[in-house]
């Protein structure tokens, strides 16, 4: 398998991304929200929770990949 | 029989599809473009109500039932057929688009069905139509088409068993919410869930869909699973068991999509994921949730078709399907790249259809105070954006160029994508377009400050995580053993052992039995002098032996019992 | 009024056509006589069905000697229903035969073919119309003897062996039947079926009656080709001339099934054979075995004719399964499938006959690429195959539906599973044909045959079209099947 | 051919009597034991006897194969024709009562023709079987030449 040529976001894209995220975090402090469960009242919940979740998902997927993969079938992989 | 049945859009779509099979060139394209529009117009002409009176078996069928929910799904299906036809104008296969019309027409018929039997009839027609669409994908698709057909016919027989049991048990013919009591209703649920791609029958989606042609999968992604979602909405709203089933599907879809290398398989897993999301929404069962599910079915069809169209264009240009073989196409196919990015964003970014629909379901979960469900749905929303959106777009269109020979997609394909993008944008910018069509009255304002800000937080945070973890994502690209391994690899081996092994054994057992009986009856045979005649040809002998055995069995049982 | 003689004429017309054909000798003339005779026979059968449906049982005293002194012909909706199937199949096969046998039967034997077909038709119809137990045996032999010769006419040398084996089995079956009838005669002192039914009530289930039941059941099961007594059938169907395969597949086993139904429900009905003894249980077990084992065998066949033959054995299992349920619903499903399967299998064999004519055989190596060389025939085969599976929109679905409903009525859940699982096996063997016809390239030395001649294609396509028609509009077939089931179940032969 | 002179002469003497006896059995069948089946066998036996003594070709000259085949058909037609006639005369199939002026003569007439049909069919079928078996090798050799 050829190693995928990675797309590396340039410094500029990184900065834009992080700045936008920061902006939204700040904005989140000011908009009126209706927390239902308590945990979603924690500031920036909508940012850190998905981050955490995605990280856990990736770790989980790697683990599963070790156990169940790779498959061999008529696709020739 | 009601006269309105003549205006049944499904019948016209199916007949049109069959006629289309005999046309070529411009008339065929013209028919494929006009049929969905005509069907939509026909549907719009029919006032809400139930039309039927068609005798079949021992029942009078309500073949056509027009209400808000059914009409919404039917219109979405017609949209998918129309856009798909635009996109598939350059399709060389003579079978695919006609088959897609039979398939899509059957799906329209299913969501407009007023009774279980009509629903089942269209259900089976869908299975055949979709098999043909996969089959049109070429030689590599044949075995997958067969596996697909088997799964769906199996689902069909389970569904049919459920329906007959329901009717024989005195259940109503019309499709009403079922109580999930007794075997009949569980069978119906199981039959529908097989078509929805629930555990353990989910692997047919990633197995079969990606083997269809570049345009075939666009059609396939729209109908089967959404029809199943529709039936679940009608018959099992608020069935709590659907929540874990849906979340399991969503989790499975996510993990497998994260690992999968083949671009369209990633999207296939994402379909399982999103259908799971919808099924969990049905499990919540409030009006808000059902509205959300219906709306999200629409949004999902639109953005998934858009992504599949973009990947389809790439496949046509490069002939490559795997993320590891693709990359850097943004320079050669800028327009396609743009639509792909939009498709990824259309999953949930503000100003797109995904934004105004997904939040409905999340809101419903929040209103019902289902903490864990809500959290899981958040994970799904973020994860699918990462796995099916960012991953596919970035790996296929960005990064180092692979020196692939590729040009921009042809106009027909670009028009297909353009139409979908516009639809998503229009609905996203002006939600009442969709909200007014939803089954229940709705009082929800998607564009509040907090909604927009929190959604953007989620998207941006996911993007950041993606870029941080992209190294890991690349390393684990591959395929996992799925449920289908059991019936594709393990199953055939088993069958071989059973069939060949057992048949040899049977033969030996028969021989031994024969010998025993021959010895027993030896004197008798000599007496009647038939020994030579009967023993000469072994097969005749064995036949007679069976006769004798059976006769003895009958006599013994009669006298002993 | 001529109509009152229809029960007799139903048998007499084809029976008289046979010697006329022998006189005529010439191929064309014998064909015309046969065609005319089958057309008249079909008209009579159809009129009889209409009459029995509106008026009930028709009784006809042969030679004006009233039963039980004389032999009476007695026909009710059940018999007339099967008679219509048989006569219709005869009428379809006749126009087909003109070209259909040209390649498979020597031209100087053509008149014999037609004469034998007429005899076979007369025999089969006689079984359905007669009200006398021994007469059933006579007609059984008439039709069987004609069948043996017809099978032996096949071009393949193995046809002789197949015919011989069938002769062996058929004779044993008929003998067992006659032994059973003899025992019944000993117990009841009558051969008239209606009379027998009433007298059996008094006799009860003595050993003689039980032995008679066993002998008759096994004897007729042989003729039905009920698993495991089916071993003669695949060869017979595979090596017989194509029109013969089609005719036999649609009629011979069906008539035997009718006889079994008659004995089980009308004759022994009052003695509660199903409740008191293991008859139902054995039949159920055999039916289930029939539904699965031959279907698996069919999957591994390399010859389409043999594949269809094994599929027939498997489908017969559905019919007997309905019988074994011992309920009106089950019987109705059986009658329904009897009709639908006759349509389907008859149509399939007719289409296949055209294919064999063009491709020179039914082996998969010859059928390869059929979807391109004979698109109409291949498509018709697929439609027929869908009906074997029981896909909605085909006749097969209707019978599957009623069978499943009947099993549900009896609360037999697991049978529903068995029926549906068996239909999945049908998917596999039908798919094998699809694979061969559409996914394989035609053999290199293939003469690119083109479609079968019109005189073969039209009857075949008509059958397949009927298969679809009765899958969509099953009103007629379900109503008549219901009547058939009621007649068999509640009208034990006595009275008008 | 040379040593069987006694057989030949006897056969010539016996065969006419055998045929007449066949007819006697046939007609006696109306009133007592006998009838078409037995008579048919006796008639066929007479011809077979002739064939055994004088050879198959001679027998085939007297009773040609084609004639046998036609007779088979004629017999069946005769039998079923009686049935049809009784229908045409207003009775049931094979209803002899209507065949004559009074029932008794009708019965008489009916049974006569039916038995005649049986005789012809049985005799010709017996002969046909004999011809087929006896002529097996001969016909095959002819076919080869």
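Structure above, values below:
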quantity	calculated
Segment D:26-75 pair-distance distribution - Cα-Cα, 10 Å bins, rounded %	24, 43, 27, 6
Fraction of the pair-distance distribution of segment B:180-219 above 14 Å, Cα-Cα pairs, percent	57
Value of relative contact order over segment B:148-252, rounded to a whole percent, pairs C-alpha under 8 Å and six or more apart	31
Cα-projected label distance for residue C:424 with residue D:104, points at 7 Å along beta-carbon direction, nm	7.8
Segment B:352-394-segment D:35-51 distance, computed between alpha-carbon centres (Å)	98
Shape call, segment A:11-68: gyration tensor on alpha carbons, a/c limit 1.5	oblate
Ranked A:40, C:326, criterion: other C-beta atoms within 10 Å, fewest first	A:40, C:326
log10 of Debye I(q)/I(0), alpha-carbon scatterers only, for chain B at 0.06 Å⁻¹	-0.35
Kirkwood-Stokes translational diffusion coefficient of chain C, alpha-carbon pairs, 25 °C, 0.890 mPa s, µm²/s	110
Sorted by Cβ neighbour density within 10 Å, fewest at the top, the residues B:430, C:114	B:430, C:114
Calculated FRET value between residue B:5 and residue B:445, using beta carbons and R₀ = 30 Å, to 0.05	0.15
Scaled radius of gyration (Cα, divided by 2.2 N^0.38 Å) that segment C:272-381 gives	1.31
Residue mean of other protein chain beta carbons inside 10 Å, A:20-32	5
The protein assembly as shown - share of DSSP beta bridges that are antiparallel (%, nearest 5)	95
Rel. contact order, % - alpha carbon contacts under 8 angstrom, at least six apart, segment D:5-144	27
Kirkwood-type radius of segment D:5-144, with distances r between different C-alpha atoms, in Å	16.4
Rounded if a/c under 1.5, otherwise prolate or oblate - segment C:284-486, Cα gyration tensor axes	prolate
Relative packing of peptides B:306-314, C:393-401 - highest average C-beta neighbours within 10 Å first	B:306-314, C:393-401
Distance between segment C:171-204 and segment B:17-77 - C-alpha centres, whole angstrom	60
Over 46 Å [Cα-Cα, the protein assembly as shown], rounded percent	46
Exercise: per-residue mean of other protein chain Cβ atoms within 10 Å, C:226-233	4
Diffusion constant of segment B:1-233 at 20 °C, which comes from Stokes-Einstein with the Kirkwood Cα-pair radius and 1.002 mPa s, µm²/s	121
Within the protein assembly as shown, helix-based [θ] at 222 nm, where runs of 4 or more DSSP H residues each add -39,500 (n - 2.57), nearest 500	-24000 deg cm²/dmol
Peptide B:180-190 - average C-beta neighbours from other chains (10 Å radius)	1
Order of A:36, C:337 - criterion: other Cβ atoms within 10 Å of each residue's Cβ, fewest first	A:36, C:337
Taking only Cα atoms of segment D:3-87, radius of gyration then Dmax in Å	15.5, 57
Long-range tail of P(r) for segment C:190-287 (Cα pairs > 15 Å, %)	65
Kirkwood hydrodynamic radius of segment B:398-476, Cα pairs, Å	17.0
Alpha carbon convex hull of segment B:135-177, projected area averaged over orientations, nm²	4.0
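Read-outs: derived from the displayed coordinates by stated rules, not from any lab. Computed from a predicted structure; not experimentally measured. Counting neighbours? That spans all protein chains shown, and the Cβs are built from the backbone with ideal geometry, glycine included.
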